[in-house]
Amino acid sequence: MIPLLVALAVMASPAGAAVPTRGGWDPGAQQTVMRSGLIPGLPGAGFAGDRALTAGQLRQALAAYAARTGAQAVDVPSGRVTVISFDRALVEQLGLSDVAQAVQAETARAGLHPPSYFGTEAVARQLGLRFTQPHGREAIELFPHDAITRAEAAWSFAQVLHFNGFQQAYDRQVFLRYQLPPMTAAQRKPLRLAVSKIGMPYVWGGETDTTRGADGPQVHGGYDCSGFVWRVFKLSGNPAGRSITGRTAADQAGEIPKSSRIPFDAIRPADLLFFGRGSLNSGPGGIDHEGIALSGDFMINASGQGVYVSPLFEPRRRASFTWGRRVV
């Protein structure tokens, strides 16, 4: 049940990446940032990708990138650089802080109590700044509050070096449509839990924040697509989840009669949304992904950028929509 982006990540994995180390999984990105002068190697240690990126190294990288674009480098406070603070700095350097702030404010206005980094992570992950480790390498994933490694930072900067302005413009265009409708208390309850998980890793079979899954150990804290739904509606004890008994996306989609299936234009907040091969009247066998609706235009899901906000109106996503399920 690997979503498309995760499958692409597996195919795009660099040579030798099967070795599960946090420092050496993408030597190509490391060579790119060293050649560009963004993140030099360390004397006597090579690139040292497993080491934490320091605030000084991030300042140097942002200054080097700013010099390429003719912009001014953003300020980086001293102290530990986490995935969250790294993404915030890159989003600001790319001129999208106002978009992140708007997403944050709209989510708060809807009563969903987002964590302080929700807007930044939504924007950063829509840009594709994070890399989801493929199945078998989830153990080297990072949590949002973890110190970011030089290897992870190198991968993100290697992507940004290929940006030509279109990526930022498209990100801005996408989130211009981020407007959440009025919600009932029953809809807000699961969505508050869902948005609190922004930035958690995608982990095959994952359904909790830790390695102690409800049905046994998992290799790393995090979620797959149906595990995320399972956490939000079932493991939380939400009464709305009592009707959900299947663990996979296909099972959850097939538990309701065809007469109860929700078409795309009737999506409401907290609906379960299913994607794959098929249509409103087909069987559930072709379904391979699901998410939780925030509105008719956006969902929150566990996919190729971890737990993140995904637009429903993009052609590929719209074309793969099968049906929705109302549980609240």
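Key figures for this structure:
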read-out: Exclusive hit being over 22 Å from Thr149 (Cβ atoms) and in contact with a Gly (Cβ under 8 Å, 6 or more places away or on another chain), set Ala102, Ala108; value: Ala102
read-out: Selection status of Ile287, of a type in the set (A, V, I, L, M), modelled with pLDDT of 95 or more and more than 28 Å from Gly111 (Cα to Cα); value: yes
read-out: Candidates Phe274, Phe264, filtered to the one that is outside the structural domain of Asp146 (by TED's automatic domain parsing), crowded, with 24+ Cβ neighbours inside 10 Å and either at pLDDT 95 or above or under 22 Å from Asp146 (Cα atoms) (or both); value: Phe274
read-out: The listed residue being touching a strand residue (DSSP E or B) at 6+ places or on another chain (Cβ under 6 Å) and not aliphatic (A, V, I, L, M), out of Arg80, Arg109; value: Arg80
read-out: Those residues of segment 118-154 which are on the phi > 0 side of the Ramachandran plot and touching a strand residue (DSSP E or B) at 6+ places or on another chain (Cβ under 9 Å), in sequence order; value: Gly128
read-out: Residue match in segment 154-171 (condition: out of contact with any Leu (no Cβ under 6 Å at 6 or more places or on another chain) and among the charged types (D, E, K, R)); value: no
read-out: Verdict on Arg318 being loosely packed, with under 15 Cβ neighbours inside 10 Å, touching a residue at least 40 places away in the same chain (Cβ under 8 Å) and touching a helix residue (DSSP H, G or I) at 6+ places or on another chain (Cβ under 8 Å); value: yes
read-out: Residues of segment 197-219 that turn out to be under 19 Å from the mean Cα position of the chain (by Cα) and either closer than 16 Å to Lys234 by Cα or assigned by TED's automatic domain parsing to the domain that holds His145 (or both), as a count; value: 6
read-out: Residues of segment 208-232 satisfying the condition of being crowded, with 23+ Cβ neighbours inside 10 Å and not in a loop (DSSP other than H, G, I, E, B); value: Gly222, Tyr223, Cys225, Ser226, Gly227, Phe228, Val229, Trp230, Arg231, Val232
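To keep it simple, each residue is scored yes or no on (1) touching a helix residue (DSSP H, G or I) at 6+ places or on another chain (Cβ under 6 Å); (2) in the same structural domain as Leu127 (by TED's automatic domain parsing); (3) part of a helix (DSSP H, G or I).
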{"position": "Phe157", "(1), (2), (3)": "yes, yes, yes"}
{"position": "Gln173", "(1), (2), (3)": "no, yes, yes"}
{"position": "Gln187", "(1), (2), (3)": "no, no, yes"}
{"position": "Leu191", "(1), (2), (3)": "no, no, yes"}
{"position": "Ala194", "(1), (2), (3)": "yes, no, yes"}
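The values are calculated or read from the model by the stated rules, or taken from the named source; none is laboratory data. Note that the coordinates shown come from a computational prediction; the quantities given were computed from them, not determined experimentally. Methodologically, a virtual Cβ is constructed for each residue, glycine included, from the backbone with ideal geometry; neighbour enumeration extends over all protein chains shown.
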